[in-house]
Amino acid sequence: MEHIRGRLPKGDDREDRRTERGELMEYFIKKLNKDRKKDGMPPITMPRMGRILQGIPTKDLYYLKSVCDDAPNFSKKFWWEINPEKHSG
């Protein structure tokens, strides 16, 4: 009988662990950090982005991405959209 270790993948297979949510987070980080670098601000890290987007369903992140891509200023639109106080009314 073959041992189970023989069937497990070898090494660190990071590609296999990618998720659509993680890819969206990386997209937002890349776009936001470009503007933050120009302004002299520290870059946003993956854990920080996870905390910022916590509670927002993945399907809503696709909407957020499309809205921000269509806006003249990606960063301003992103921060305005994720702030719930701006939307009460």
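Here, each number is a calculation from the coordinates, and none is a lab measurement. Since the structure is predicted, the reported quantities are computational estimates derived from the model, not experimental observations. All Cβ positions, glycine included, derive from the backbone under ideal geometry; neighbour counts span all protein chains shown.
Of all the options Lys77, Lys59, Lys30, the one that moves most in a Gaussian network model of the chain with Cα springs shorter than 10 angstrom is Lys59. Adding -39500 (n - 2.57) for every DSSP H run of four residues or longer, then dividing by how many residues the chain holds, sets the calculated 222 nm ellipticity at -16500 deg cm²/dmol. Nearest 10 degrees, 0 to 90: what angle lies between the long axis of helix 20-38 and the longest principal axis of the chain (Cα atoms)? Helix 20-38 and the main axis of the chain meet at about 50 degrees.
Restricting the calculation to Cα atoms, the chain yields a radius of gyration followed by a Dmax of 17.7, 66 Å.
Placing pseudo-labels 7 Å out from each Cα toward the beta carbon at Ala71 and Lys10 gives an inter-label distance of 4.8 nm.
Put a dot 7 Å past the Cα of Trp80, heading toward its Cβ, do the same for Arg21, and the two dots end up 2.8 nm apart. Normalised by the number of residues in the chain, the mean separation of alpha-carbon contacts (under 8 Å, six or more apart) gives a relative contact order of 24 percent. Between 0 and 90 degrees, the angle of helix 58-70 with respect to the longest Cα principal axis of the chain falls at about 50 degrees.
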